[in-house]
Amino acid sequence: MSATATYTVSGMTCGHCVASVKEEVSEISGVTEVEVDLESGRLVVVSSDPVDPATVRAAVDEAGYTVTSEA
Ligand SMILES: [Cu+2]
């Protein structure tokens, strides 16, 4: 079983930002796949078990950006 969660991240302006977010979110335990779309700010997190949204927020924060919505 795997879980997929979608978030919107604000503040990313280039491929480097995308890489930073991917790196931090990938470090969360159980995360198997991270997709980031620069233009829309869409962040998709695939994990073996559901990840606490607060953990994802913290990781995005750590990268220097902000989660503006969770869906
Ligand atoms: Cu950048």
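The values are calculated or read from the model by the stated rules, or taken from the named source; none is laboratory data. These figures come from a predicted structure and were not determined experimentally. Note: ideal-geometry Cβ built from the backbone for every residue, glycine included; neighbour counts use all protein chains shown. Side chains included, ligands, DNA and RNA excluded: accessible areas come from the protein's heavy atoms. Shrake-Rupley method; radii C 1.70, N 1.55, O 1.52, S 1.80 Å.
For first residues located in region 51-71 and under 19 Å from Thr32 (Cα atoms), partners that are open to solvent by less than 60 Å² (accessible area, probe 1.4 Å) and assigned to a loop (DSSP other than H, G, I, E, B) and lie 6+ apart or on another chain with Cβ distances below 6 Å form the pairs Val51/Ile28; Thr55/Ile28; Ala59/Ile28. Looking only at region 1-38, residues that are within 16 Å of the ligand (Cβ to nearest atom) and within 16 Å of Ser69 (Cβ to Cβ) come to 8 in all.
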